[in-house]
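S.K.: Here's a structure for you.
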Amino acid sequence: MTTTHQSLQGRTALVTGATSGIGRAAANQLAREGAEVIVHGRDPQRGEDVVAEIVQAGGQAHFVAADLSDPTDVRRLADEAGAVDVLVNNAGFSWFGPTADLDVATYDALFDSNVRAPYFLVAALAPRMAANGGGSIINVASMAGSVGLAGAAAYGGTKATLAAMTRSWAAEFSPRGVRVNAVAPGPVYTAADPERIEALGATTPLGRAAQAEEIAQVITFLATPAAGYITGATIAADGGRTAV
Ligand SMILES: NC(=O)c1ccc[n+]([C@@H]2O[C@H](COP(=O)([O-])OP(=O)(O)OC[C@H]3O[C@@H](n4cnc5c(N)ncnc54)[C@H](OP(=O)(O)O)[C@@H]3O)[C@@H](O)[C@H]2O)c1
C-alpha cells in the first residue's frame, strides 16, 4: 500500500456495479483507504480484473456476481456479503429518449435495478450495520433526479426516489450509527454514450464532464470517519449544473 493513513482499515465495503465506471473507481479508492472490498457486478471476467487491480495495488478484494434485477439474487448477494461496514449502492443504468418510446419492460428494469435492489440491500444490511455499532451507506443518485432533462423522466424518477429513500433511511438508521448519504453526479465519462456525456458536460459551469475518479472521491469521503457529521445529504458532484 502506498497510502499511509488508511481510515477504513479493518472495514468491509460492498460496492455494487464495481466492474465498471464509477463503481470500479470507488472500489479501488476504498481499498486504498484500507477497506476489504466486495466487488459486485454481473460479468465475472471484469469482476476478477477489478479484484486483480486492487490486489496488485496491495489491497484486499473478492468478487461476488449477482443480477440485481432479480430479487432472489439481491438476497443472495446480501447473505454472501455478510456484515459490511460500508455499502455503496452504485449499480444501475440509464435510459434516455422520448417518453412514448420507453417500453414497459425497460421501465420496470430501470426501477428494479436502480430502486428496488438498493432498497432491499439496505433492508438486509443496514440493521446488521446498526447491530455492529454503525456504518456508512452511499447511494449513487444523479443530477437527473433534480433537474428536468428531456428524455430522462423514468431514469430521473429512479434517482429522485433514491435521494428520497436516502433521507428516510438517515431518519431510520442514523440514530443507531448508520450514516446514509447520496452522491448525485452530473455527466461522467464511463461506458455509456460519450457524445451525450460531452454535450451535457458543456452545459455545466465547469464546462466539462467528470472522470469516474472524481465521483469516487466523494463516495470514499462519505465512507470515511472524516464525513462523520454528514447524514441524509445528497451531495451534488455535477460541475455546478444544479446550482445555477
Ligand atoms: N455515467 C454518468 O454520466 C452517470 C451520471 C449520474 C449517475 N450515474 C449513475 O452512476 C452509477 C454507475 O454508472 P456508470 O456510468 O459508472 O455505469 P457503468 O460503467 O455502465 O457500470 C454499471 C455497473 O452496474 C452494474 N449493473 C448494472 N445493472 C446491473 C444489474 N441489473 N445487476 C447487477 N449489476 C448491474 C454493471 O455490472 P456488469 O457490467 O458486470 O453487468 C456495472 O458494473 C449508476 O447508478 C448511474 O445511474 C452515472
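Every number in this text was worked out from the coordinates using simple rules, so none of it is lab data. Here the structure is a predicted model, which means the values were calculated and not measured. Methodologically, a virtual Cβ is constructed for each residue, glycine included, from the backbone with ideal geometry; neighbour enumeration extends over all protein chains shown.
S.K.: Kindly provide the set of residues from the stretch 62-76 that are within 11 Å of the ligand (Cβ to nearest atom) and either touching a His at 6+ places or on another chain (Cβ under 8 Å) or outside any helix (DSSP H, G or I) (or both), ordered by number.
M.R.: Of the stretch 62-76, the ones within 11 Å of the ligand (Cβ to nearest atom) are 63-70, 73-74.
Of everything in the stretch 62-76, those that are within 11 Å of the ligand (Cβ to nearest atom) and either touching a His at 6+ places or on another chain (Cβ under 8 Å) or outside any helix (DSSP H, G or I) (or both) turn out to be F63, V64, A65, A66, D67, L68, S69, D70.
S.K.: Just name the residue that is nearest to I137 (Cα to Cα) out of those in the stretch 25-50 that are in a helix (DSSP H, G or I) and within 7 Å of the ligand (Cβ to nearest atom).
M.R.: Here is the first cut: in the stretch 25-50, the residues in a helix (DSSP H, G or I) are 25-32, 44-50.
From what's left, within 7 Å of the ligand (Cβ to nearest atom): 46-47.
Numbers: R46: 24, G47: 21 Å.
Ranking the candidates gives G47 first.
S.K.: Taking E213 as the residue in question, decide whether it is of a type in the set (D, E) and either within 8 Å of the ligand (Cβ to nearest atom) or touching a residue at least 12 places away in the same chain (Cβ under 8 Å) (or both). Spell out the reasoning first.
M.R.: On the way: of a type in the set (D, E): yes; either within 8 Å of the ligand (Cβ to nearest atom) or touching a residue at least 12 places away in the same chain (Cβ under 8 Å) (or both): yes.
Yes.
S.K.: Then there is this: Give the residues of the stretch 130-154 that are in a helix (DSSP H, G or I) and either over 24 Å from D101 (Cβ atoms) or more than 10 Å from the ligand (Cβ to nearest atom) (or both), sorted by residue number. Don't jump to the end; show me each part of the working.
M.R.: Within the stretch 130-154, the subset in a helix (DSSP H, G or I) is 130-131, 143-145, 153-154.
Selection gives A130, A131, A153, A154.
S.K.: Can you tell me which residue within the stretch 169-212, out of those that are part of a loop (DSSP other than H, G, I, E, B) and among the β-branched types (V, I, T), is nearest to N114 (Cα to Cα)? Lay out the reasoning, then the answer.
M.R.: We begin by selecting, within the stretch 169-212, every residue part of a loop (DSSP other than H, G, I, E, B); these are 177, 186-187, 190-193, 203-209.
Narrowing the set further to residues that are among the β-branched types (V, I, T) leaves 190, 203-204.
Working: T190: 17, T203: 25, T204: 24 Å.
Taking the candidates together, the pick is T190.
S.K.: Tell me which residues, restricted to the stretch 178-210, are of a type in the set (V, I, T) and within 10 Å of the ligand (Cβ to nearest atom). Write out each step before concluding.
M.R.: Step one: filter the stretch 178-210 for residues of a type in the set (V, I, T), giving 178, 180, 183, 188, 190, 197, 203-204.
Within the stretch 178-210, V183, V188, T190, I197 qualify.
S.K.: Among the residues of the stretch 192-228, write down those that are touching a helix residue (DSSP H, G or I) at 6+ places or on another chain (Cβ under 6 Å) and more than 22 Å from D85 (Cα to Cα).
M.R.: R208, A209, A212
S.K.: How many of the residues making up the stretch 81-115 are out of contact with any strand residue (DSSP E or B) (no Cβ under 8 Å at 6 or more places or on another chain) and either near the ligand (Cβ under 10 Å from one of its atoms) or outside any helix (DSSP H, G or I) (or both)? Step through it out loud before you land on a result.
M.R.: Taking the stretch 81-115 as the starting set, the residues that turn out to be out of contact with any strand residue (DSSP E or B) (no Cβ under 8 Å at 6 or more places or on another chain) are 93-115.
Retained after the next criterion (residues that are either near the ligand (Cβ under 10 Å from one of its atoms) or outside any helix (DSSP H, G or I) (or both)): 93-98, 102-103, 109-110, 112-114.
So the count comes out to 13.
S.K.: In the stretch 146-158, how many residues are touching a residue at least 60 places away in the same chain (Cβ under 8 Å) and of a type outside the set (S, T, N, Q)?
M.R.: Residues of the stretch 146-158 touching a residue at least 60 places away in the same chain (Cβ under 8 Å): 146-147, 155, 158.
Adding the requirement that they be of a type outside the set (S, T, N, Q) leaves 147, 155.
Residues meeting the conditions: 2.
S.K.: Could you check the stretch 116-129 and list, in sequence order, the residues that are of a type in the set (K, R), away from the ligand (no atom under 12 Å from the Cβ) and in contact with a helix residue (DSSP H, G or I) (Cβ under 8 Å, 6 or more places away or on another chain)? I'd like the intermediate steps shown before the answer.
M.R.: Our first condition is that a residue be of a type in the set (K, R); within the stretch 116-129, this holds for 116, 128.
Adding the requirement that they be away from the ligand (no atom under 12 Å from the Cβ) leaves 128.
Residues satisfying the conditions do not exist here.
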